[in-house]
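Below is one structure; the comments refer to it alone.
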Amino acid sequence: MNIDLKSLTINKAHESMKNGDFTAQELAQAYLDNINPELNAFIVIFDDVLEQAKMADERFKNGTAELLTGIPIAIKNNILIKGKKTTAGSKILEDYNATYDATVITKLKKAGVVFIGGTNLDEFAMGSSTENSAYGVTKNSYDLERVAGGSSGGSAVAVASDMALAALGSDTGGSIRQPASFNGILGLKTTYGRVSRSGAIAVGSSLDQIGPFAKNIEDIKIVYDCIKGEDKMDSTTLKEKNISEIEQKINLSKKMTIGIPRHFLKEGIDSDVMEKFEESIQSFKKKGYEIKEIELPNIKYSLAVYYILMPAEVSANLSRYDGVRFGLKKEGENLLEDYMKTKGIGFGKEVRRRIILGTYILSAGYKDAYYNKAQALREIIREDFKKAFIDVDVILVPTTPTPAFKIGSKGSDPMQMYLEDIFTVSSNVVGNPAISVPMGFVDRDGKNLPVGLQILAPHLYEEALIKVSTDFLN
Ligand code: GLN
């Protein structure tokens, strides 16, 4: 059985399984055979993949198959699947098996998805390259010497290199969009509260969102439609009633206006990336979109705000890994030493850096100067976007300032790594949805490296993102 994985889409796979061209088991086997260990996209490949596929085949036989039944999907290894090893890329959770399913997993299971494995990530989703994983670096799909991006690097590479048809990642400051951009695929960060976070290992609770990776926009929409929705297990999910009120207002057939914050695109962007970006704007113009220059006066503070709020929330969320409740335990002379040993050995450098930073930010005497100030700025940035979205329907920026960088080239300087997130963090700070779609290739050392275009929309305007992406890609 020879299945052309390169050109496969969810719809095509579904039709083929329905028509009996191939079975879910054959499809799963084709993906398993295509896993390239050199790329290190997976931390764990599940041992029951073919059994899951067999159950999917049953559903095709008895007429209960849905669109996602039998579709092989990879899951970032910080999203819980009951009974499966879930490490969050950390040594501290090396032996941890999830005790329940994340809500997104429950939904995908109901649809009959086949879970291929848990993908590699920067430890606790902190990083932009997947170099911070305790399980080795994930390599870029286009150049083995370059990073996959991060933190959901494994999920992006799994899809880009046909080791799964789609994947889930999490995005706290760009972790879906940036690796999607580096690997030439699509990645959607949903509106904060649109997809349940129940069962996603918490990092920055006011920023985290789960979202899909795929090679085309239809597949993004199919997975997004399956995982979204209000959830009683996550009180921050948005009420369906309020969502439909907003969604009804979206007019997708009108001529849309695109906003470009030129003032924010002056410094630090690679000239080849900028060229592709200008070409993308021209292509929208040709397709009848109106282009307008906009001002987001405080967007320049998003990165600073993010790197205050994120570590603060990390220091609270990661206090639970104390050697008692989950995972690794290293004993010392007394309780304090137990903690110090467990965390000192279990956590990597970047995670420790952020816990220390976050603890400092939240400490008495400093909270007003840092945390509260960042919260205040967060509101101001939110207002900037609200104002901008009165005049324009969507906003365009490059997903990243550069194409994928060389492995090891930013490791010693955390500031350089944080600057990677300059265009992605604002959507997490503000909570609006954003997508990265491929906008072409740039040449580096004779190799073609993909770069992504980021499209931002107002809260709950995912359908607008899908429409604009579809127009752009066709
Ligand atoms: N690179 C960002 C960080 O290190 C974003 C990570 C993410 O979105 N999980 O925090």
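Of note:
- Entries of 276/447; 221/287; 215/254 with Cα pairs more than 25 Å apart: 215/254
- Protein heavy-atom accessible surface, 1.4 Å probe, per residue over the range 137-285: 32 Å².
- Within the chain, DSSP assigns beta bridges of which about 70% are antiparallel (rounded to the nearest 5).
- Using the rule -39500 (n - 2.57) for each DSSP H run of four or more residues, divided by the residues of the chain, the 222 nm mean residue ellipticity is -11500 deg cm²/dmol.
- Of the GluC sites (Glu not before Pro) found in the range 268-335, those in coil by DSSP whose Cβ has at most 16 other Cβ atoms within 10 Å are 295, 331, 333.
- Sum of side-chain charges, residue 332 neighbourhood, beta-carbon under 15 Å (Lys, Arg +1; Asp, Glu -1): -1
- Taking the 1.4 Å solvent-accessible surface of the range 26-110 as the whole, the part contributed by carbon and sulfur is 49%.
- Across 219, 225, the residue with the most accessible area heads the list, and the full order at a 1.4 Å probe is 225, 219.
- Simple point charges give the picture: +1 on the Cβ of Lys and Arg, -1 on the Cβ of Asp and Glu, and for the chain a dipole about the Cα centre of about 760 debye.
- Across the chain, the mean sequence separation of Cα contacts (distance under 8 Å, 6 or more residues apart), normalised by length, yields a relative contact order of 17 percent.
- The range 107-136-the range 391-407 distance, computed between alpha-carbon centres (Å): 23
- Beyond 17 Å, the tail of the calculated P(r) for the range 1-120 holds 55 percent of the Cα pairs.
- Using θ = phi - 60° in the Karplus curve 6.51 cos²θ - 1.76 cosθ + 1.60, the 3J(HN,Hα) couplings for the range 415-421 round to 4, 4, 5, 5, 5, 3, 8 Hz; x is entered for Gly and Pro.
- Loop GluC sites (Glu not before Pro), the range 128-225 (other Cβ atoms within 10 Å of the site Cβ: 16 or fewer; DSSP): 145
- Shape call, the range 336-452: gyration tensor on alpha carbons, a/c limit 1.5: oblate
- In the context of the full set of protein chains, residues of the range 326-459 present 46 Å² of accessible surface per residue (probe radius 1.4 Å, heavy atoms only).
- Loop-located trypsin sites (Lys or Arg not before Pro) in the range 270-341 (DSSP state other than H, G, I, E, B) with a sparse environment of at most 10 neighbouring Cβ atoms within 10 Å: 325.
- More than 34 angstrom apart: percent of Cα pairs within the chain: 30
- Heavy-atom accessible surface of the range 135-220: percent carbon and sulfur, 1.4 Å: 53
- Probing with 1.4 Å while keeping every protein chain in the model, the per residue accessible area of the range 65-123 equals 27 Å².
- The alpha-carbon of residue 373 sits under 16 angstrom from the alpha-carbons of these lysines, leaving out residues fewer than 8 places away in its chain: 300.
The values are calculated or read from the model by the stated rules, or taken from the named source; none is laboratory data. Predicted model only: the values in this text are computed from it and were never measured. Heads up, the Cβs are rebuilt from the backbone with ideal geometry, glycines too, and the neighbour counts pull from every protein chain shown. Areas reflect the complete protein model, heavy atoms only, side chains present, ligands, DNA and RNA absent. Shrake-Rupley method; radii C 1.70, N 1.55, O 1.52, S 1.80 Å.
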